[in-house]
Structures are given as C-alpha cells and as structure tokens.
Amino acid sequence: MRSLVIGGAGFIGSHLVERLVARGPVTVVDDLSVGRREFLARAAAAGSVELVVCDARDVDALALHASGQDVVFHLSANPEARRGLVDTRLDLEQGTLATYAALEASRRARVTRFVFASSGTVYGETDQACAEGDLGQLPISLYGASKLAGEALVSAFCHCFDISATIVRFGNVVGPRATHGAIYDFLHKLARDPSELEVLGDGAQSKPYLHVDDCVLGLMFALDRGAPPFDVFNLAPDGATTVRTIAEACVRASPSPKATIRYLGGERGWRGDVPRSRMRADKLRRLGFSLALTSDEAVLRAVSEVAREVFGAPEGPS
Ligand SMILES: NC(=O)c1ccc[n+]([C@@H]2O[C@H](COP(=O)([O-])OP(=O)(O)OC[C@H]3O[C@@H](n4cnc5c(N)ncnc54)[C@H](O)[C@@H]3O)[C@@H](O)[C@H]2O)c1
C-alpha cells in the first residue's frame, strides 16, 4: 500500500508514518511549520519515507504527489484551537481550504481512499456523551467549525466522485513528540519557571484523552474497516481527565515537584473551549477495536514521556 500523509511530519502524523511504512512506501507532505524532519527519523530507518516540504493548500503540488498513491491521509491543520481567536482566517485557510485541496488533489490524481483527521470539537458544547450521529449542537470554536466544514467537503467529494473516505474524530491525543496541548504547555511552563505553574480556567475542565499509539492503531483499524463510500468514527475513551489531574501530574514529573499551581479561574480555558466533553466510541468497539489505555492512563503515560523530552531522563538512585 502506497500512502500520502499530509501533515505527516507532525505529532500524530509521524507516529502514523511509522506504522504505514510496514505496509509500503510513504510520501509525507508537510510545510514544517510545526512538524519536524527529525520526527520522521524512526520511520525512515524502517522503510521508504519521502518528505516533500510544501504547502498543503497547493492543489497542483498535492496532485503531483498524490498520483500513484493508494490512500491519502489528511492530517495538516492549525494545531491550536485558541489561535483562531487572534487570527480568524487561520482555520479557514489551514483547515477548510487545506481539506478542499487534499480532496481535489485526490480526485485529480484518481486516488480512491481518503482518511480525514477530525475532532470531537464538531459536537460543540453539550453535556451528552456524543456518538457519531450526535451533531445536534454546532461547534463553538473556529477550529471546530473548520473540522465540520471539512467533514462536509469529504462527504460531498465521496458522493460526487470516485472517492471512498473514512473520517476519524479524535479526542485529545497525547504522547511523545506532542507539539501542543495541556501536557506540552504545562511542562514547558515548568521548565521556564520551576516555582509556579499558571493554569487557564479553574482546573475542572475535563476531556477524553487518548494515547497517540492508540490513536494510530484506531486510525489504521478505521481505514481497514470503514464502509465505502463514506464512514465516520469516534476515537476516544469513554472517560475523561481533568485539567487539575494533568497539572498535578506535570508538577510531580518535573524536577521541581513543590511548584505551586495557580488557576486563573473561570470554567473554560479560553472562549470557544468546551469545558467538559465526552465521546462514545461504541461504533469502533462493535467492530472489534478497543483502546489499550483509559483517559487517565493515557495522560499519566504521556506526562512521563513528554517530561523526558523536556527535562531529560530522571536520575536513578545513586
Ligand atoms: N492532537 C490532538 O489532540 C488532536 C485532536 C483532534 C484532532 N486532531 C487533528 O489531527 C491532526 C494532526 O494533529 P497533530 O496533533 O499531529 O498536529 P501537528 O500540528 O503536530 O501536525 C500537523 C502537521 O501539519 C503541518 N501543517 C500545518 N499546516 C500546513 C500547511 N499549510 N501545509 C503543510 N503542512 C502543514 C504541520 O507542520 C504539522 O507537522 C490535525 O488535523 C488535528 O486537527 C488532533
């Protein structure tokens, strides 16, 4: 299987590429705005990986590199929902238009399999644990809006052209090589100021977290089991982890475990942030896929993995 991974030098993408090389050659398109060449080192040591540095909105370039591929994975996006508050065009450009470009390039190159990395933000703000059909509330961030717009484009391309697509809506993904997110932010803040950790919101925000290894396994499972021409899956644990739990775990994993945590207050981290979200992944479970780690387990494992990246390996007993 020949694969094109758009955004493949990023956090999730680089882990995905490590799995995909076992199935055949992989071409990665990434502008390296967030992703890094070195994230692909392990995959390149294991198989054929070509990195093409270009903009994911360039349809002609994408079509060129999509030609001859069996599947296109579209993972590039604005990595941080809150950036949409300062640049309202960002998610339109890096989300909606980049998704259009990936689909149009696939159509022109006659690639018939497409996988889109979406997010639980499409469910908006609701107390409900959302299954795939629960789109009664609309997104409340520009990032979530671009994901929902992207999903609509994927559906339309599938029904108008010879493309079969699988959309996977992730919970919050954590693990090594993270480029953003609460664990990444907290540990880097602690590296800059070991005495105090400032946390947005009151710490009670809670979301489902999944480890990047589980994320990639789920993505591959969904690729293999998604029904043509268009299928959607949630990929997240049933439970959730609070920001307070994450902050405390980050402090414990840092070289200064006595750092104080200062919560800035308010029920949400920023406008557009959903303070409490839950997802149901029964559909994948019914097909036989289950996550190895709960939300809390994924967080604790990722905290120690990212802490090792930020602070180095902890010293053993002398
Ligand atoms: N990490 C999460 O918790 C999470 C949750 C839900 C959905 N997702 C989605 O999964 C996908 C991957 O997320 P990630 O966490 O690996 O993010 P990431 O930022 O680490 O990876 C995205 C990659 O896309 C590249 N990129 C961005 N804009 C580009 C452009 N215009 N042209 C070419 N390359 C471009 C970046 O350099 C980066 O390598 C994204 O679509 C994201 O929205 C992530």
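When you go through ALA77, ALA61, ALA43 one by one, which is the residue that is in a loop (DSSP other than H, G, I, E, B) and within 14 Å of the ligand (Cβ to nearest atom)?
From the options ALA77, ALA61, ALA43, the qualifying one is ALA77.
Within the set of pairs 6+ apart or on separate chains, which have a first residue in the range 94-110 that is in the same structural domain as PRO79 (by TED's automatic domain parsing), a second that is at pLDDT below 95 and within 14 Å of the ligand (Cβ to nearest atom), and C-beta atoms under 8 Å apart?
As it stands, the answer is GLN94/ASN78; GLY95/ASN78, since those pairs meet every condition given.
Can you find a residue that is modelled with pLDDT under 95, more than 11 Å from the ligand (Cβ to nearest atom) and surrounded by 22 or more Cβ atoms within 10 Å (Cβ to Cβ) anywhere in the range 82-97?
yes
When the range 14-35 is examined, which residues are found to be more than 6 Å from the ligand (Cβ to nearest atom) and at positive phi?
Of everything in the range 14-35, just one residue is more than 6 Å from the ligand (Cβ to nearest atom) and at positive phi, namely GLY24.
Scan the helices (runs of 4 or more DSSP H) fully inside the range 223-318 and keep the ones with 3 or more residues being of a type in the set (A, V, I, L, M), at pLDDT 95 or above and in the same structural domain as GLU80 (by TED's automatic domain parsing). Quick ask: steps written out before the conclusion?
Details: elements: 243-253, 282-286, 295-311.
Helices (runs of 4 or more DSSP H) meeting the threshold: none at all.
Residue by residue, here is whether (1) crowded, with 18+ Cβ neighbours inside 10 Å; (2) more than 24 Å from GLU93 (Cβ to Cβ); (3) touching a His at 6+ places or on another chain (Cβ under 9 Å); (4) in the same structural domain as GLY269 (by TED's automatic domain parsing) holds:
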residue: ALA152; (1), (2), (3), (4): no, no, no, no
residue: PHE161; (1), (2), (3), (4): no, no, no, no
residue: ALA191; (1), (2), (3), (4): no, yes, no, yes
residue: GLY203; (1), (2), (3), (4): yes, yes, no, yes
residue: GLY218; (1), (2), (3), (4): yes, yes, no, no
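Kindly indicate whether ARG42 is assigned by TED's automatic domain parsing to the domain that holds VAL216, surrounded by fewer than 17 Cβ atoms within 10 Å (Cβ to Cβ) and touching a helix residue (DSSP H, G or I) at 6+ places or on another chain (Cβ under 7 Å).
Numbers: assigned by TED's automatic domain parsing to the domain that holds VAL216: yes; surrounded by fewer than 17 Cβ atoms within 10 Å (Cβ to Cβ): yes; touching a helix residue (DSSP H, G or I) at 6+ places or on another chain (Cβ under 7 Å): yes.
Taking the combined requirement at face value, the residue satisfies it.
Here are some residues: ARG107, ARG177. Which one is of a type in the set (D, E, K, R) and within 10 Å of the ligand (Cβ to nearest atom)? Talk me through it step by step, then tell me what you get.
On the way: ARG107 fails: within 10 Å of the ligand (Cβ to nearest atom).
Sole residue among the options that is of a type in the set (D, E, K, R) and within 10 Å of the ligand (Cβ to nearest atom): ARG177.
In the range 58-81, which residues are crowded, with 18+ Cβ neighbours inside 10 Å and either touching a Phe, Trp or Tyr at 6+ places or on another chain (Cβ under 9 Å) or not assigned by TED's automatic domain parsing to the domain that holds THR166 (or both)?
VAL59, VAL71, VAL72, PHE73, HIS74, LEU75, ALA77, ASN78, PRO79, ALA81
The values are calculated or read from the model by the stated rules, or taken from the named source; none is laboratory data. Computed from a predicted model, the values in this text were never measured in an experiment. FYI the Cβ positions are ideal-geometry reconstructions off the backbone, even for glycines, and counts take in every protein chain you see.
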